[in-house]
Structure formats: C-alpha cells, structure tokens
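Heads up, the thing below is written out as structure tokens.
The values are calculated or read from the model by the stated rules, or taken from the named source; none is laboratory data. Owing to the predicted nature of the structure, the values given are computational and were not obtained by experimental measurement. Every residue, glycine as well, gets a Cβ built from its backbone with ideal geometry; the counts of neighbours run over all protein chains shown. The area values use the complete protein model at the heavy-atom level, side chains included, leaving out ligands, DNA and RNA. Shrake-Rupley method; radii C 1.70, N 1.55, O 1.52, S 1.80 Å.
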Amino acid sequence: MAAGSDNTTETPSKADANMQWGGRFAGGPSQIMQAINASIGFDKAMWRQDIAGSLAHAAMLAHTGIISKEDEATIRNGLNSIGQDIEAGNFEFSEALEDIHMNIEARLSDRIGEAGKRLHTARSRNDQVATDFRLWVRDAIDGLDQQVASLMRALAQRAETHASDPMPGFTHLQTAQPVTFGHHLMAYVEMLARDRGRLADTRKRLNECPLGSAALAGTSFPIDRKMTAGLLGFDRPTANSLDSVSDRDFALEYLSALSIMAMHLSRLAEEIVIWCSSPFSFIRLSDAFTTGSSIMPQKRNPDAAELVRAKTGRITGSLVSLLTVMKGLPLAYAKDMQEDKEPVFAATDAAALSLAACDGMIRDMTANTAQMRALAGSGYSTATDIADWLVRVLKTPFRTAHHVTGRLVAKAEAKGVDLAELTLAEMQEEEPGITQDIYSVLTVEASIASRTSEGGTAGSNVQREARKWLDLLNTPTDKA
C-alpha cells in the first residue's frame, strides 16, 4: 500500500479495499471492475493538491471543534510525512485503493491510527476531487501563463530587431502587399496576449472552493467553508453543493482556451515550416530544432514545428472528449466524471511542450532578410499603392482607381515587367492624369513606410508596439 519510514511495503487485500467503501460490500471486486474503476494510474498527479486540501480541511475541523487540536496536529504531521515519501519516490500507489484520495487516506490511518480516520469527517470524495482538480488546473494555468509570456517576449524581441525589414505579406498564400517581418511576428504577440487573457479568465472563474459540499447536499457539521477556501487561496466557497460536485466547466473552459492557443501555435508552426522551405528560405533553424533524412543527406527538416502543428489534434481532441463525457450527465456526481482528468493532463503536457518548442524556435531562427526583401515586391505587391495614389492625388473614386490599377497590372504582366518598369506614357494610356510622382510609391520601402495607420506595418509602428509589449512583459506587476 505505501512505503513507511521503515521502507517496508504492504499490498492491501480485497477486504482492506472494501473497508474503504464501508460494511455493505462483502465480496471483492473482479479484476475487470478493479481495472476500470481505478484512477490512481493518472490521478496520482494530484497528490500535492490532495494533501493541501486535506491540510486545510483538518485545520478547519480543528478550528470549529469538530476534531481536537491534537488530532489536527497528528494529521498534519502525517500528511506532511506522506508528502515527503511521495516526493522522494518512496510511496507505493495501490490500484486496489482506486484513487489518490483513498491511497493517501489509507496510508495516513496506517501511520497515525485513529486520528487519520477522523480526517474524512464532513467531506466526500466528490467535493474532495472537485477541489483537488480545481487546484491542479489553477497551478497548470499559472505555469502555462509564464510560458506564454516567455514566447511573447521572444517574438517581441525579434520583432523589434526586424521592425523595418520587408517581407511579402500574403492573403490566400499569394503575395498581397509588403509588410515587415517584425509586423508579422507581432501578430502572434497579439494572439498570445488573448490566449493569456482567456487563461486568466478561466482562472478567475474556477477560483471558488467546492470543499464542504460533501457528496452532494452539504453537511450537518458546523464547518467553516470560508476558512478552507481562504487557506487554499480560493476567492470564496462555491454557492450550490449540487453544482459544486458536478461542475467541470472550469476544465472545459481550460481545454477550450488551450485549444485556441494550440491553433495559434499551429499557425505559427505552419509558417515556420513554409519559411524554412527552399522556395521561400526566409529563415533557417539550427540543428537544435531540425532533423536530417535517413536517405537524403541534404535535408534539414523542421520537425519541431511539424510536431507542434500535430499536437493541436491531441489538445482539441481532449476538449471534445470531455465535452462528450459531460453532455448527458444528470446531477450530481457520476463515475463518468473520472474520465475528466486524463484529457486535461494530456492537453496540458502537449501545450507546455508546444510552447517550449515555439519559444525555442523563435529564439533560434536566423532571418534571411535579403531573401524576404527580394520577394516583398513580387506579385505586383505595390498595386494597392497605385490605387491609393490615384485617390489621394487625382481624387479618383476608389472603385475607379481599382479598375485603372487592374489594367496597369495586366499591362505589366503582358510585358513581363514589374509595375515600376512601366513607362510613364504606358501608365498615362490608362489614366492621363498620372505623373512622374507615382513612381515614388512603387518601392517596397515606400509602401511599408506609408502604412502609418494605427496597427499598420510601418517600421515606426512596429518598433513602438514591440517596445510597448516588452515593457509590459518585463514589469514587476506582470506574473511572467
């Protein structure tokens, strides 16, 4: 069952396991029932949260006189010693005891005797697991928040460096207008900021304590739920005992936030894959984030980015899995809800690894600014600048200017030249009012510099936004 201070171990018998359920069950569970019923294989990940919840519960029981202060001290010492055992790897988890709650409680009773059996007064495994799970998700959010902030910082730093370096901007993956590499990177900073916001909102909503709701109806003992909520860092106790033990909205909202974030990371990973490809060659990743081919020695495959892209399926699949588990459950608790933790744990691991990989790739990559600049003017990317010039200088209605520009693009295509290589006379065939001044807007640099509207790609804008975010991310008030 558990390793004690003498490093001896015991395996509970079926009778021992049944004693946890009470006197009603005479026979032991079948091996199949035991296997399908047990959750210790995965919920042992919540041992820290389970011990923290039990410490708070015991302190409250003593404060309200439900148990003696002596018993509370004994329980506290016993739980702390069990925590040390688990931390050191000296605790043997038993499948026969089903879950982390029973494993710790049974070991506590073995270690400290009668006092350990008083710990479960005025609580149920239903409110216990709901509390543990909220604590675990809250801790996971805090860890991921720091990772998201680190990736934002890496992107903003690279954006500041490349604030004025041109690259082609795309729609439909076709060259559209010139932008800067810094502006492109800052788009992901904005996405990730929203991801942080969603995680923060989830944390705020989940930060209510179910402990004290007992099985589903509350308890007749004079407990102090505000005390346990405060000891565990919750804002308040939950308001309805039925909802408290049956709610998994916090896990669903968390998985939803992770799914949106994973989609953002997948988009970034896809662009890294494209940028690394030979036809683009916008960036280069070192050997730290690429792999070779077993047959083609020249290959440098962006496998880290491809795996980030793939892990999106694991994370969104976890959301769908839990939505499906919860969709038909009546109040209050049902054993189906044991299936809530594995998808949350798996999605968290995948999200943490994806964030770490993206952070590493952004910091590792070398930008080929010459190649980006060479392609920034391809595909008649300054065509919109001609239309804007016609509107601004000749007061041409935009739709008319659009048609004139389209004819100029067709003429350039027919000749196999860029727009800037058309002669003034050729341009005036389509619009007599065009003057030599139009050539001033046909360079990539002029196009980018003109985009000074708020949120635009002008280098000065990008520099300002990158610096703003770096200052925010480096302030003491930011949790990252």
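If residue 121 passes every condition in (1) in a helix (DSSP H, G or I); (2) farther than 23 Å from residue 375 by Cβ; (3) among the hydroxyl-bearing types (Ser, Thr, Tyr) but one, which one does it miss?
Residue 121 satisfies every listed condition except (1).
Yes or no, residue by residue, for (1) among the basic types (Lys, Arg); (2) open to solvent by 50 Å² or more (accessible area, probe 1.4 Å):
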| residue | (1), (2) |
| --- | --- |
| 307 | no, yes |
| 320 | no, yes |
| 335 | yes, yes |
| 340 | no, no |
| 345 | no, no |
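Could you list, in sequence order, all residues of region 378-398 that are open to solvent by less than 30 Å² (accessible area, probe 1.4 Å), touching a helix residue (DSSP H, G or I) at 6+ places or on another chain (Cβ under 6 Å), in contact (Cβ under 8 Å) with a residue 24 or more places away in the chain and not β-branched (Val, Ile, Thr)?
Selection gives 383, 385, 389, 390.
It is to be established whether one or more residues within region 199-210 are touching a helix residue (DSSP H, G or I) at 6+ places or on another chain (Cβ under 6 Å) and farther than 30 Å from residue 187 by Cβ.
Yes: region 199-210 contains one or more residues that are touching a helix residue (DSSP H, G or I) at 6+ places or on another chain (Cβ under 6 Å) and farther than 30 Å from residue 187 by Cβ.
Determine which member of the set 193, 215 is over 15 Å from residue 141 (Cβ atoms), aliphatic (A, V, I, L, M) and part of a helix (DSSP H, G or I).
Exactly one residue qualifies, and that residue is 193.
Please work out which residue is modelled with the highest pLDDT, limiting yourself to region 29-47 and to residues that are farther than 25 Å from residue 83 by Cα and of a type in the set (A, V, I, L, M).
Per the stated criteria, the residue is 36.
Return the only residue of 73, 17, 52, 26 being at pLDDT 95 or above and either open to solvent by 60 Å² or more (accessible area, probe 1.4 Å) or over 27 Å from residue 346 (Cβ atoms) (or both).
73
Can you work out which of the residues in region 451-471 that are in a loop (DSSP other than H, G, I, E, B) and hydroxyl-bearing (Ser, Thr, Tyr) is least open to solvent (accessible area, probe 1.4 Å)?
The residue in question is 457.
Is it the case that some residue within region 249-270 is open to solvent by 50 Å² or more (accessible area, probe 1.4 Å), in a helix (DSSP H, G or I) and over 30 Å from residue 151 (Cβ atoms)?
Pass one, region 249-270, residues open to solvent by 50 Å² or more (accessible area, probe 1.4 Å): 249, 253, 260, 263, 267, 270.
Those still in the list that are in a helix (DSSP H, G or I) too: 249, 253, 260, 263, 267, 270.
Subsequent filtering for residues that are over 30 Å from residue 151 (Cβ atoms) retains none.
Within region 249-270, not a single residue is open to solvent by 50 Å² or more (accessible area, probe 1.4 Å), in a helix (DSSP H, G or I) and over 30 Å from residue 151 (Cβ atoms).
Give region 153-176 a look and list any residue that's under 30 Å from residue 478 (Cα atoms) and either charged (D, E, K, R) or touching a strand residue (DSSP E or B) at 6+ places or on another chain (Cβ under 9 Å) (or both), or say none.
Across region 153-176, the qualifying residues are 153, 158, 159, 160, 161, 162, 163, 164, 165.
Taking the conditions exactly as written (more than 30 Å from residue 143 (Cβ to Cβ), of a type outside the set (Phe, Trp, Tyr) and outside the structural domain of residue 413 (by the TED database)), does residue 369 satisfy them or not?
Numbers: more than 30 Å from residue 143 (Cβ to Cβ): yes; of a type outside the set (Phe, Trp, Tyr): yes; outside the structural domain of residue 413 (by the TED database): yes.
Here the answer is yes, as residue 369 does meet what is asked.
Inspect region 409-426 for any residue being touching a Ser or Thr at 6+ places or on another chain (Cβ under 7 Å), touching a residue at least 60 places away in the same chain (Cβ under 8 Å), part of a helix (DSSP H, G or I) and buried (at least 19 other Cβ atoms within 10 Å of the Cβ) and give the result as yes or no.
Looking for residues that are touching a Ser or Thr at 6+ places or on another chain (Cβ under 7 Å), touching a residue at least 60 places away in the same chain (Cβ under 8 Å), part of a helix (DSSP H, G or I) and buried (at least 19 other Cβ atoms within 10 Å of the Cβ), one finds none in region 409-426, hence no.
Could you count how many residues in region 76-99 are open to solvent by less than 10 Å² (accessible area, probe 1.4 Å) and closer than 21 Å to residue 229 by Cβ?
Counting residues in region 76-99 that are open to solvent by less than 10 Å² (accessible area, probe 1.4 Å) and closer than 21 Å to residue 229 by Cβ gives 1.
Return the residue satisfying two criteria in turn: it lies in region 427-450 and is of a type outside the set (Asp, Glu), surrounded by 15 or more Cβ atoms within 10 Å (Cβ to Cβ) and not in a helix (DSSP H, G or I), and of such residues it is nearest to the chain's Cα centre (by Cα).
443
Name the single residue, out of those in region 197-214 being of a type outside the set (A, V, I, L, M, F, W, C) and surrounded by fewer than 22 Cβ atoms within 10 Å (Cβ to Cβ), that is nearest to residue 454 (Cα to Cα).
Taking region 197-214 first, the residues of a type outside the set (A, V, I, L, M, F, W, C) are 197-198, 201-205, 207-208, 210, 212-213.
Now restrict to residues that are surrounded by fewer than 22 Cβ atoms within 10 Å (Cβ to Cβ): 197-198, 201, 203-205, 207-208.
Details: 197: 22, 198: 25, 201: 27, 203: 32, 204: 31, 205: 33, 207: 37, 208: 40 Å.
Looking at residues that are of a type outside the set (A, V, I, L, M, F, W, C) and surrounded by fewer than 22 Cβ atoms within 10 Å (Cβ to Cβ), I get 197.
Residue check, residue 179 against (1) out of contact with any strand residue (DSSP E or B) (no Cβ under 8 Å at 6 or more places or on another chain); (2) buried (at least 19 other Cβ atoms within 10 Å of the Cβ), all met but one. Which one?
(1)
Could you tell me whether residue 314 is modelled with pLDDT under 95 and surrounded by fewer than 20 Cβ atoms within 10 Å (Cβ to Cβ)?
Values: modelled with pLDDT under 95: no; surrounded by fewer than 20 Cβ atoms within 10 Å (Cβ to Cβ): yes.
In short, no.
Does residue 359 satisfy the condition of being outside the structural domain of residue 441 (by the TED database) and either part of a helix (DSSP H, G or I) or under 30 Å from residue 138 (Cα atoms) (or both)?
yes
Suppose we keep only residues that are in contact with a Lys or Arg (Cβ under 9 Å, 6 or more places away or on another chain) and either at pLDDT below 95 or not in a loop (DSSP other than H, G, I, E, B) (or both) within region 231-248. Which one would you say is surrounded by the fewest Cβ atoms within 10 Å (Cβ to Cβ)?
236
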